[in-house]
Structures are given as structure tokens and as C-alpha cells.
Amino acid sequence: MATSATVTKTEYGFSITGGDIATVIDSGKIWVKSMAFAGNATNATCVLTSNVNGTATTCFKFKCYDAGGGSLNAAGNFVYFGEVGAPFTNLTLTPSATTDILYIFLK
């Protein structure tokens with residue numbers, strides 16, 4: 001059965017766990033400094049979309065790699081948008097498995 005992810009607001013931004021269907025992280029505009037993805041397997045993915053003016057567009061896709069030694073963790077799967085950050089409106093994620101975790105660090 002398909003389930004939405006759990007979006008937890010933290011002091012640094014968001015921690016999103018569980019779920020395997022599209023889940024809205026924030027329905028407004030947020031400035032993201034970086035993101036990190038911890039997948040459950042080497043084929044784990046996390047697709048992010050941003051929706052401006054009613055048009056949802058894929059804005060980023062994580063795919064785990066396996067270089068051995070725990071490379072499925074978030075330290076090996078991250079993106080840094082710089083000190084200024086990048087704006088996202090109505091940010092939504094679709095993880096590939098309920099055991100995937102996405103961390104979002106806000107500006």
C-alpha cells in the first residue's frame with residue numbers, strides 16, 4: 001500500500017522519512033542551502049519537483065551509488081547550492097522506498 005512520507009521540521013530544515021508516493025515538503029517558497037539523501041539500496045532514488053504557477057517540474061533527482069563501505073548514507077549523496085541557496089516553491093519529493101531519508105538544510 002502506498003504511503004506518504006513523514007515530513008519533520010527541524011532546526012536545520014527538514015528530515016523526510018518513509019513513504020513511497022509524492023509528498024509535499026513545503027507548500028510555500030523555501031531557500032535550500034543543501035540536500036542529502038540516504039537510500040536503502042544501490043538502486044534507491046529520490047525525485048524532487050518544484051511547482052511554480054501550477055506547473056510541476058522535476059528539479060532534482062538523487063540516485064544512490066555503491067562504492068562500498070556505507071556509501072548509501074547521506075554523506076555520499078548530497079548537493080550544495082552555495083551560501084545563497086536555491087529557491088523552491090511547493091517542493092515535493094517521491095522516494096523509491098519507505099526506508100529512504102532526505103535531509104534538507106535551509107538557508
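For segment 9-107, the Stokes-Einstein estimate of translational diffusion at 25 °C and a viscosity of 0.890 mPa s comes to 182 µm²/s, using the Kirkwood hydrodynamic radius over alpha-carbon pairs.
Multiplying the residue separation of residue 107 and residue 12 by 0.36 nm and subtracting their alpha-carbon distance yields 33.3 nm.
Ordering of 16-23, 1-8, 32-39, 72-79 by packing is 32-39, 16-23, 72-79, 1-8, highest average first (other Cβ atoms within 10 Å, averaged per residue). For the modelled label position 7 Å from the Cα of residue 61 along Cα-to-Cβ, which residues of segment 8-27 have backbone nitrogen atoms closer than 13 Å? Those under the cut-off are none; the list is empty.
Computed from the coordinates by the stated procedures, all read-outs in this text should not be read as laboratory data. Note that the structure is predicted; figures quoted are calculated from it, not measured. Don't worry about glycine lacking a Cβ; one is built from the backbone with ideal geometry, like all the others, and counts go over all protein chains shown.
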